[in-house]
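Just so it is clear, none of the values below were taken in a lab; they were calculated from the coordinates. Quick caveat, the model's predicted, so the values are computed rather than measured. As a convention, Cβ positions derive from the backbone with ideal geometry for all residues, glycine included, and neighbour counts pool all protein chains shown.
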Amino acid sequence: MTALQLPVEVVVDLAKEFASPNLRDGEALYRFFKNRRVSMEALLGPHHKRTLARMAEQPLCLVLHDTTEVAFPGVSEGVGLGPLRDSEDKGFLLHLSLAVCADGLHLPLGVLAASTLVRPNHKGRGRNKHLSGGELSKKKNKESERWPQQVALCRNAIGSCANVIHVADREGDAYPFLAEMLSSRDRFVVRLARDRHVFEDEWDDEGLSISETWLDTVIKTTLDVPVAGRGKDKVTVRGRPRQPEREATVSVGARRLELRRPRYYGAASGLPERLEVNVVFAVELDPPEGCNPLSWLLLTSEPVETAEQQLAVLGWYKARWLLEEFNKALKTGCAYESRQLEGYHGLRNALGLFLPIAWQLLRLKVQARQEPQAPATDVLSQEQLDVLQQTSRQGLPEQPTVSEALGAIAKLGGHLKRNGAFGWQVLWRGMRRLDDLVAGWKAAKFAMQTMAHTSKKSLRDV
Ligand SMILES: [Mn+2]
């Protein structure tokens, strides 16, 4: 195993507790990851703190929630991993909450929460036979509980230090989750997975579906929505046709609705019979041939009376693709899934170091695109910038911009000019080299100080 760098964000805090000259050595790091006293949560602590501080400076933030499956083809059985849906290999679910600015730039602010979940092994189909219907659905529900749990985690962490809107895709569409957010006064945008029954002035026992109610009540307007291209990578959603990236012209509408509690929950569930929410929908008008028209049904706590408010809701939902980019950075950049750490605990701890790096790279990439002239100090530590300055052959300006810093990191990672845009692998390699160099730089500074100290001392002694 090659030596891994520790992100600057955590190296200082780590060093305090686990100071060891060999920590950066491959074997030592391997042992470190396996150490029972080390946890992903503890490793992420300093990054969480900085994320909250960045959020506090924003008038409004989005917290994007989503789950990705991580599969480890090289890992043998019996190390605490479980089955996956998208892969034959063993792995676990990684549920992330990424904070971004709510304005149009959507600059990533950091990972606010991360949790992992291992699906239980179900060898032999009859395994659940002894369970009653209720027990079985309870078991299935356990997985979807991660949504309200993580929103609660974020709520507690944020307290009153920032204003946030939670954003979730169709996986987050669950009546108990919506009920929980409404009763806790969380602000949210959640995409509906399926049509729902609603209360209207006149409705029979069957009720009406949302799509049946709104048609004559909408305000129509149009806007361009970039549709996320779905490539060969693992971010692709199962069974969904590959959609080319495009600017979609959509018809937008909105209204207030009362959702009916789905029948399968029943009164005994304790869930409210109705939930009052706002709905924004967007339907693509002229999809390219062979493409599914974009069709979003978004539930939100936010006002949707004006076209401007409706567009804001769509814009917040659009920010969600950043989390998919983040997962790409993690999976392709550091090749997380080919790590041979053998063991759930070690793999979780590795995330404690990798997630902050993935954030730093995503932030640099997004900011270099949106605000290329912004100072690199927005993203990189002073030490990272000092070292970058010293190692850059063409030389960096005194106060480099984010795009200059990004270019220098890509070069450290071996990027050749003719290869065009920077890929995640090159950036990740560059960042690892940078953080390695920073560690050396810090060690050298420390040694110089110690030497200065001893020589003074010896002078005094004389
Ligand atoms: Mn999802």
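Figure the gain on full extension for Q425 and L105 (residue separation times 0.36 nm, minus the Cα-Cα span) and round it to one decimal in nm. Walk me through the numbers on the way to the answer.
On the way: separation 320, 0.36 × 320 = 115.20 nm, distance 2.42 nm.
Roughly 112.8 nm would be gained on extension.
Mind checking the full-extension length gain between E143 and E247? Use 0.36 nm per residue of separation minus the Cα-Cα distance, one decimal, nm. If you can, show how the numbers build up before the last one.
Details: separation 104, 0.36 × 104 = 37.44 nm, distance 3.46 nm.
Stretched out fully, the E143 to E247 stretch lengthens by 34.0 nm.
Among H65, H345, H415, rank each residue by its count of other Cβ atoms within 10 Å, from fewest to most, as a rough exposure measure. The partial results should precede the final answer.
Numbers: H65 26, H345 18, H415 21.
Fewest-to-most ranking of H65, H345, H415: H345, H415, H65.
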> Computed FRET efficiency, Cβ-Cβ of V283 and L153, R0 30 Å: what is it to the nearest 0.05?
Replying inline: 0.30
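Going down the table (K90/K365; K417/K445; K90/K142; K34/K142; K328/K445), which pairs top 29 Å between alpha carbons?
Details: K90/K365 31 Å; K417/K445 33 Å; K90/K142 19 Å; K34/K142 27 Å; K328/K445 35 Å.
Pairs exceeding the cut-off: K90/K365; K417/K445; K328/K445.
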> Expressed as a whole number of Å, what is the distance separating the alpha-carbon centroids of segment 166-188 and segment 262-335?
Replying inline: 11 Å
> How big is the charge dipole of segment 376-461 about its Cα centre, in debye rounded to the nearest 20, if each Lys and Arg gets +1 on its Cβ and each Asp and Glu gets -1 on its Cβ?
Replying inline: 320 debye
> Quick one: if you take sqrt(5λ) for each eigenvalue of the C-alpha gyration tensor of segment 376-461, what semi-axes come out, biggest first, whole angstrom?
Replying inline: 33, 13, 10
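Among V79, V366, V190, which comes first, then next, by fewest other beta-carbon atoms within 10 Å?
V79, V366, V190
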> Can you work out the FRET efficiency for the pair S269 and Q373, with r the C-beta to C-beta distance and R0 = 41 Å, to the nearest 0.05?
Replying inline: 0.15
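Let's test the formula: R0 of 41 Å, r as the Cβ-Cβ distance of R170 and K417. What FRET efficiency results, to the nearest 0.05?
On the way: r = 41 Å, r/R0 = 1.01.
Plugging the Cβ-Cβ distance into 1/(1 + (r/R0)^6) gives 0.50.
Can you sort W424, W441 from fewest to most other Cβ atoms within 10 Å of each residue's own Cβ? The partial results should precede the final answer.
Working: W424 21, W441 16.
Listing W424, W441 from fewest to most nearby Cβ atoms yields W441, W424.
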> Within segment 350-454, which GluC sites (Glu not before Pro) sit in a loop by DSSP and count at most 11 neighbouring Cβ atoms inside 10 Å?
Replying inline: E398
>> So if I take the centroid of the Cα atoms in segment 371-392 and the same for segment 27-90, what is the distance between those two points in Å?
In response: 26 Å
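Per 0.36 nm of contour for each residue apart, how much would the distance between R393 and R255 grow if the chain were fully extended, relative to their Cα-Cα spacing?
Length gained, R393 through R255: 43.9 nm.
Please give the net charge around T401, taking every other residue with its beta carbon less than 13 angstrom from that of T401, where Lys and Arg add +1 and Asp and Glu add -1. All intermediate terms of the calculation are to be shown ahead of the outcome.
On the way: positive: R369; negative: E371, D378, E398, E404.
Every neighbour counted, the sum reads -3.
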